[in-house]
1. When you scan segment A:23-39, how many residues do you find that are on the phi < 0 side of the Ramachandran plot and either touching a helix residue (DSSP H, G or I) at 6+ places or on another chain (Cβ under 6 Å) or not in a helix (DSSP H, G or I) (or both)?
2. Among the residues of segment A:127-172 satisfying the criterion of being open to solvent by 50 Å² or more (accessible area, probe 1.4 Å) and in a loop (DSSP other than H, G, I, E, B), which is nearest to the other protein chains (Cβ to nearest Cβ)?
3. Can you pull out the residues in segment B:171-180 that are at negative phi and at pLDDT below 90?
4. Which count do you get for residues in segment B:1-53 that are hydrophobic (A, V, I, L, M, F, W, C), outside any helix (DSSP H, G or I) and either facing chain A (nearest Cβ under 7 Å) or open to solvent by 30 Å² or more (accessible area, probe 1.4 Å) (or both)?
5. Working only within segment B:266-288, note down all residues that are free of Cβ contacts under 8 Å to residues at least 24 places away in the same chain and among the hydrophobic types (A, V, I, L, M, F, W, C).
Amino acid sequence: MHGPGSQGLQTVFMAHRNALLRFLIARGAADAAEDILQELWVRVEATAVGPIQNPAAYLYRAAENLMRDRHRAERQAHLREQHWAEVAGPTDQGVSDAPTSERSLIAREELAGIQRLLRSFPSRTQEAFRLHRIEGMAQRDIAARLGVSLSTIEKDLRDIYRELVTVRAQHFRSETGDSVNGGKDGS
Amino acid sequence: MSEDVMSDEAIDWAVRVSEPAFEDWEAFTMWLEADPAHGEAYEAALAASEAADPVLASRPAVAQTRMARTPSRRWGWLGAGSTALAASVAGLIAWTSAAPRTDPYLIETAPGSRQQVAVGGVKILINGGTRIWLDHRNPRVATIERGEALFDVLHDVAHPFTVHVGDTELQDVGTRFDVTRDARQMRVAVAEGAVLFNPGREGVRIDAGKALSIDGGGRTAELQPIATQTVGGWREGRFAYVATPIATIAADLTRSTGIGFAVDPGVATMPFTGVVSYNDDRKAFLAELGPLLGVRIAPREGRWIISRTRIDG
């Protein structure tokens, strides 16, 4: 069950244990941080891995993914309490259809709004965002693929993120009457 | 600091941290620690960008999920939902080959229609209203995004056939089984042999004559005895139910007949026990279905609405 690299990884893990704990707490783990760290180690140990180029970064990345999953699960639970998932709606062209994920819980109107928003951007910007989100491509590589400068891609992505954040904040304000993000009510 | 500036900073971090080669974790930690609102703004940026995924992906996360789940490695732990990140972390591992290991393709059926495919020793009968992904490079895997399919699997110990449904994995043990997935739940009904549910995790074994239902949140799961001859009964227009909620029945019927049912929340959870039969006579079917289920069925804007019966004075 122990992979060839796990001895070395264990050493790295112990060396970075406090830093990882600090990171988890900073990411919102609170009292669960120790448990999450434990869960992280169990999973890392159980996975047979080959040589890792940067073991510390690998562990941080795993910690980040775990925290993203936890936050996403909290959001899904929250949404489930608020929305009624549709039973047998027609399949919408161009919209992926995974029912039990957060996707089904985001009302169809909201998805349509996001679709319109994305289409309001130039196709290069849309493609940059797709490569970034769906294919996890580095900005440098996206720039090379699309034949533009790195700073262009950096701006493109931030422009889209900004619009999506605004739309999401507006949606929550109109739905619940207050901001879910804990910030002051804007405008 | 104004909310906008903080949001921009958070967006900057969200983009940078998502980069495959990101290594500035110490700086990221310090930024998060500087103000609790930073972490909230960061998560808000992530959630906002993730909300766009269903619209972006013409080929949904399946392609990356396959890359993350190569047969002898289990990447699922990296974060089941972090599919793009899982693929990019794989790039950090020296031995990962650059060649694509998957070549997924989609089969989509309209409600009321069917399709049959045979790949790699598996016969798949696909019901209507279904989106199912197969893979040219790996005939022993299928992913049900939504809908229903009946699987007839020739067992191969060295290459078990696996069906992915969202984050769960079903592995055949020489079987004939039906899988349904809709917005509310997932069901697996086994006619012959057995199916392993999430072999790497819970490892629940579903034997012939049993059906497992799991609600969308994965919070409640039910293992029920069933008559094996009812598995895949939709092929003959036969639907057998034991205390099954109307919403589930409506989804089954729409998928199989193409009749667009919609369910009023007031009757969605009402249980029905009995058999529903459909023999292509739509008119008679719609006239008889209401009394059979104990509900009211009325047309509205191209759909058939199922609601509580009126109590006429």
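The values are calculated or read from the model by the stated rules, or taken from the named source; none is laboratory data. Keep in mind that what you see is a predicted model, and the values were worked out from it rather than measured. Cβ atoms come from the backbone with ideal geometry, glycine included; neighbour counts cover every protein chain shown. Note: accessible area is taken over every heavy atom of the protein model, side chains too, but ligands, DNA and RNA are not part of it. Shrake-Rupley method; radii C 1.70, N 1.55, O 1.52, S 1.80 Å.
1. 9
2. Across segment A:127-172, the extreme among qualifying residues is A:E135.
3. Within segment B:171-180, B:Q171, B:D172, B:V173, B:T175 meet the criteria.
4. Number satisfying all stated conditions: 4.
5. B:A268, B:A284, B:A287 - these are the residues of segment B:266-288 that are free of Cβ contacts under 8 Å to residues at least 24 places away in the same chain and among the hydrophobic types (A, V, I, L, M, F, W, C).
Yes or no, residue by residue, for (1) modelled with pLDDT of 85 or more; (2) in contact with a Lys or Arg (Cβ under 9 Å, 6 or more places away or on another chain):
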{"position": "A:A19", "(1), (2)": "yes, no"}
{"position": "A:A33", "(1), (2)": "yes, yes"}
{"position": "A:L66", "(1), (2)": "yes, yes"}
{"position": "A:V95", "(1), (2)": "no, yes"}
{"position": "A:I106", "(1), (2)": "no, no"}
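Residues are listed down the side, and each one gets a yes or a no for (1) assigned to a loop (DSSP other than H, G, I, E, B); (2) open to solvent by 20 Å² or more (accessible area, probe 1.4 Å); (3) within 14 Å of chain A (Cβ to nearest Cβ):
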| residue | (1), (2), (3) |
| --- | --- |
| B:F151 | no, no, no |
| B:V157 | yes, yes, no |
| B:H164 | no, no, yes |
| B:F177 | no, no, no |
| B:T180 | no, no, yes |
| B:R187 | no, yes, yes |
| B:A191 | no, no, no |
| B:L196 | no, yes, no |
| B:A211 | no, no, no |
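To keep it simple, each residue is scored yes or no on (1) open to solvent by 50 Å² or more (accessible area, probe 1.4 Å); (2) part of a helix (DSSP H, G or I); (3) at pLDDT 90 or above.
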| site | (1), (2), (3) |
| --- | --- |
| B:E222 | yes, no, no |
| B:W234 | no, yes, yes |
| B:A240 | yes, no, yes |
| B:A243 | yes, no, no |
| B:A251 | no, yes, yes |
| B:T254 | no, yes, yes |
| B:I259 | no, no, yes |
| B:P265 | yes, no, no |
